[in-house]
Structure formats: C-alpha cells, structure tokens
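Visitor: This is the structure I have questions about; it appears just below.
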Amino acid sequence: MRFKWAPQAARLLNGVFCVYKPEGMPEKVLRQKIQANLARDLNALPCYKYEQVKKKSTEYQTKEYSHDLNDSSQLQVATEEGHSSYFTPTVTTLPSVCEDITEHRLVLGDRYIPEDFRISYVAGLHHKSSGIVVCGIGSATRNKVPLLKSAQFLRVYHVKGRFGYCTHDFSSDGPLIERTTFHHINKVLVDKVCASIQANHQKQLFEYAGVHPQSDEAYQMACRGLVRPDTRDTPPMIYGVKCIHFDLPDITLEIHAINEESVYLSKIIHDLGLRLKSSAVCPQVRRIRHGHFTVESALLRKDWKLESILDNIKLCEEYTKSDKLVSDFNIEQSSDDVKLLPQSISSEISQNSLVEKCDIIESHTLQKVNNLS
C-alpha cells in the first residue's frame, strides 16, 4: 500500500478521472461500485488514532481476477508468476498505547461510507452502451465538471449495425417486427448515405449556433474552427459519419457528434437501413473518445480502486487545463503561442475576429522579446 493514513489519501480525491463503462451497467450502478471500492480501500488503511496495518499474505492457485470481493477486507493482487496473493490488511489498535476504549475501531465503526464520495458525470451513457465516461469527484463536481460540460467537446463513437432486421427500439435484442433482404447493399451505397446524413446536419450547425449562415459572424466562427451549438439543449449534431468496417450483414460506423444520445445513434442505423431499401438494427454503441480523453486513459473495471483512481486523476489534470478547455479553436489553428498566453488573453482571443487575434499574438510576442532583452 502506498498510503499509511486514510485521511491523507481521502484529501487527494478531488479531480477528474476517466473510466470505461462495460455494456449492461447503468450509470447509477457504476457510481455505486466506485464509491464502494473507495470506501473499502480507505477503511483498510488506519483511519483513527493509534492504528496500524498488519499484512498477512497467503498464496493460492492461479484464478481469474474477481471484480466484486465478498469480503471487504481482502484485496487480491496478481503476481508476476501468475499466482494470486491475498493480502488481508488487519487494522488493530495498539493496546499499550490506546487507553480510551471509545477510540477503538469496533466502537467507532468504519470512518468512510460510500455516500461520503460525491461523483458526477460530464456526459453519461445508456446502460446498453459501453465506452469512456468522464467523472468528477469531490470539489471537481462544482468547478471542473461544469467547465467540461460547457466546452461541449466532440465525442466519437463506434456504432455497429446489422442489416436484415427491424425492431421496435432499434436494438438487436428488441421485439422483432420484420426481416428484409440486404444482398443488394454494397459499401459505395453506404458511403453515399453516410455523406448525405453528414451534409444534412452540417446545414443546421449555424442555425443551432444562433447566427445566420450568410453573416460575417458565421464566417468568423468558421475561421475559428469547429462550429458548436449555442447551448446544450439543442438537438444532436452530427459532425462526421464514416463506414470503417463493411462485412454484410454487419457494418461499423464511426460517428462524431455533440449533444447526442445512444438511442439517437441507434436510430441513425435504422434510418440507414431504410434509405438503402432494407432494415437494420444496432447491436452495439461504444464511445471511444470524449474530447481529449481517450480509451488509453480510461480505467477498466478491475482498476476501479483507490490508488488507480488517484493516478488517473493526476493523469487527467493535463486535459483540464485552461488551454484544453478553449473549444473555439481548431487543433491546426491553435499554435504554441496561443497555448502560452494567459487565460484572460485566451478568452479575449476567442471573442475577437481573426485579424485581432493576430495582433494580440504579435503584441504578446514583442512583449516577451522586450522582457528578454
């Protein structure tokens, strides 16, 4: 164990971290499991005065990692040789030091309960979907999570489809309505329909952004990069649809969207089948990226533990800096000079025209040269 005092570790639980939600798990269950694991790991450490940790290790035969431990005092650790070691932290009160029985663990009980940890989501997922979920814990639920929501980062999904079936809820396990033929479908037809869906949504971008498409303000927004909706209450906006896998009757679409829902993405698969004079259902919706958060930075279910979450909070600090939260700039247009500017100047840049941005950057560069000389 890296910590020897539970309150010291609990004070570090303030920030943003990223987890990978498995398919079939509701958001409420995801939050409860993380809270229960944090309470379990903190209570295994010394929580009160005059306590210490004694470890007992017993090796057993090789077995799979258990996600949910029945005994909250046992922590399973996989060794390099392939064996599983069970470390049983025994928190005891030293009888030679503790003179007041009211300070004993058996009298006070566990110091932490699952409800002590406040966790909120930046953008949740449907219980049938899987993928990245960005979470905030502690004070981050009041400051960083609202900033990430207002930034309206682009989210990327891999949505699978299967031709030949039609159900009530567009999913593969819903009530079957009909079966249709699909042998006339090829990848060229799928690409044409995907391009049509993307073009129809791009026409509505400026309308939902609150500007006229032919105005100068619309031109300035297009120069800054990605045009985003004015509020989070707008309908789902699709920025890109591409077929990345085609093997009849199965296909996989990569969809870039904002303000979307999993049911809406499943409906896109259904509409795709209708346009191709067939029908289709959606077996899987998987989120692979949320802004700067990727699958590589997400914690798997076996890593929803205290130390792993603290390491992930430190890793995700890079994604929540002020220059990462400025969503009005394209990645290609945001140079290193813009990232080095203070936050006040960055907000001023996002509100001015393209010519004024260049003037501000030039004046800031000259000021830095004068300071060096």
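Visitor: Within the set of pairs 6 or more residues apart or between chains, which connect a residue that is more than 16 Å from residue 272 (Cα to Cα) and touching a residue at least 12 places away in the same chain (Cβ under 8 Å) inside the range 229-250 to a residue that is exposed (fewer than 13 other Cβ atoms within 10 Å of the Cβ) and among the aliphatic types (A, V, I, L, M) with Cβ atoms less than 9 Å apart?
Guide: Listed by first residue and then by second, the contacts come to nothing, as the list is empty.
Visitor: A follow-up question, please. Which of the residues belonging to the range 121-159 are more than 16 Å from residue 15 (Cβ to Cβ) and touching a His at 6+ places or on another chain (Cβ under 7 Å)?
Guide: Once the filter is applied, which keeps residues that are more than 16 Å from residue 15 (Cβ to Cβ) and touching a His at 6+ places or on another chain (Cβ under 7 Å), the range 121-159 yields 123, 132, 153, 154, 155, 156.
Visitor: If you take the residues in the range 176-200 that are among the charged types (D, E, K, R) and surrounded by 13 or more Cβ atoms within 10 Å (Cβ to Cβ), which one is nearest to residue 258 (Cα to Cα)? Spell out the reasoning first.
Guide: The initial filter retains those residues of the range 176-200 that are among the charged types (D, E, K, R), namely 178-179, 187, 191-192.
Imposing the further condition that a residue be surrounded by 13 or more Cβ atoms within 10 Å (Cβ to Cβ) reduces the set to 187, 191.
Details: 187: 26, 191: 21 Å.
Residue satisfying both the conditions and the ranking: 191.
Visitor: Is one or more of the residues making up the range 287-302 out of contact with any Lys or Arg (no Cβ under 8 Å at 6 or more places or on another chain) and of a type in the set (Ser, Thr, Tyr)?
Guide: yes
Visitor: Here is a follow-up. On the given criteria, is residue 241 over 23 Å from the mean Cα position of the chain (by Cα), β-branched (Val, Ile, Thr) and surrounded by 15 or more Cβ atoms within 10 Å (Cβ to Cβ)?
Guide: On the way: over 23 Å from the mean Cα position of the chain (by Cα): no; β-branched (Val, Ile, Thr): yes; surrounded by 15 or more Cβ atoms within 10 Å (Cβ to Cβ): yes.
Taking the combined requirement at face value, the residue does not satisfy it.
Visitor: Quick one: how many residues across the range 27-51 are more than 17 Å from residue 299 (Cα to Cα) and surrounded by 14 or more Cβ atoms within 10 Å (Cβ to Cβ)? Working first, answer last.
Guide: Just the residues of the range 27-51 that are more than 17 Å from residue 299 (Cα to Cα), to begin with: 28, 39-40, 42-51.
Now narrow it down to the ones that are surrounded by 14 or more Cβ atoms within 10 Å (Cβ to Cβ): 39-40, 42-48, 50-51.
Matching residues across the range 27-51 total 11.
Visitor: Consider only pairs whose beta carbons are under 8 Å apart and that are at least six residues apart or on different chains; among these, list those whose first residue lies in the range 255-284 and is closer than 20 Å to residue 127 by Cβ and whose second residue is of a type in the set (Phe, Trp, Tyr) and open to solvent by less than 10 Å² (accessible area, probe 1.4 Å).
Guide: 255/157; 257/157; 260/157; 265/157
Visitor: Still on this structure: Out of everything in the range 294-314 that is over 21 Å from residue 265 (Cβ atoms) and within 13 Å of the chain's Cα centre (by Cα), what residue ends up being surrounded by the fewest Cβ atoms within 10 Å (Cβ to Cβ)?
Guide: Step by step, filter the range 294-314, then rank; the result is 296.
Visitor: Residues 158, 104, 127: which one is out of contact with any Gly (no Cβ under 7 Å at 6 or more places or on another chain) and in contact (Cβ under 8 Å) with a residue 60 or more places away in the chain?
Guide: On the way: 104 fails: in contact (Cβ under 8 Å) with a residue 60 or more places away in the chain; 127 fails: out of contact with any Gly (no Cβ under 7 Å at 6 or more places or on another chain).
Within the list 158, 104, 127, the selection yields 158.
Visitor: Scan (1) surrounded by fewer than 20 Cβ atoms within 10 Å (Cβ to Cβ); (2) of a type outside the set (D, E, K, R); (3) at pLDDT below 95; (4) not in a loop (DSSP other than H, G, I, E, B) for the single condition residue 252 breaks and write down its number.
Guide: If we test residue 252 against (1) surrounded by fewer than 20 Cβ atoms within 10 Å (Cβ to Cβ); (2) of a type outside the set (D, E, K, R); (3) at pLDDT below 95; (4) not in a loop (DSSP other than H, G, I, E, B), just (3) comes out false.
Visitor: Checking the conditions here, which among 149, 203, 144 is open to solvent by 40 Å² or more (accessible area, probe 1.4 Å) and in contact with a Ser or Thr (Cβ under 6 Å, 6 or more places away or on another chain)? Before you say what the answer is, go through the steps one by one.
Guide: Values: 149 fails: in contact with a Ser or Thr (Cβ under 6 Å, 6 or more places away or on another chain); 203 fails: in contact with a Ser or Thr (Cβ under 6 Å, 6 or more places away or on another chain).
Every option except 144 fails the conditions.
Visitor: Return the total of residues in the range 99-128 being touching a strand residue (DSSP E or B) at 6+ places or on another chain (Cβ under 7 Å), closer than 25 Å to residue 146 by Cβ and outside any loop (DSSP other than H, G, I, E, B).
Guide: So the count comes out to 3.
Visitor: For the range 1-94, please list each of the strands (runs of 3 or more DSSP E) lying entirely inside it that holds at least 1 residues being at pLDDT below 50 and among the hydrophobic types (A, V, I, L, M, F, W, C). Outline the logic, then answer.
Guide: Numbers: elements: 15-21, 51-54, 57-60, 75-78, 84-87, 90-93.
Counting at least 1 such residues, we get 75-78, 84-87.
Visitor: I would also like to ask the following. Please tell me if residue 133 is within 14 Å of residue 18 (Cβ to Cβ) and either open to solvent by less than 30 Å² (accessible area, probe 1.4 Å) or not in a strand (DSSP E or B) (or both).
Guide: Values: within 14 Å of residue 18 (Cβ to Cβ): yes; either open to solvent by less than 30 Å² (accessible area, probe 1.4 Å) or not in a strand (DSSP E or B) (or both): yes.
Answer is yes for this residue.
Visitor: Identify, please: which residue in the range 260-293 is touching a strand residue (DSSP E or B) at 6+ places or on another chain (Cβ under 7 Å) and of a type in the set (Ser, Thr, Tyr) and is, among those, surrounded by the most Cβ atoms within 10 Å (Cβ to Cβ)?
Guide: Across the range 260-293, the extreme among qualifying residues is 266.
Visitor: Further question on the same structure: If residue 208 satisfies every condition in (1) at pLDDT 85 or above; (2) surrounded by 14 or more Cβ atoms within 10 Å (Cβ to Cβ); (3) not acidic (Asp, Glu) but one, which is the exception?
Guide: That leaves (1) as the condition not met.
The values are calculated or read from the model by the stated rules, or taken from the named source; none is laboratory data. Predicted model only: the values in this text are computed from it and were never measured. With ideal geometry, Cβ positions are generated from the backbone for all residues, glycine too; neighbour counts draw on all protein chains shown. What goes into the accessible areas is simple: the full protein's heavy atoms, side chains included, and nothing from ligands, DNA or RNA. Shrake-Rupley method; radii C 1.70, N 1.55, O 1.52, S 1.80 Å.
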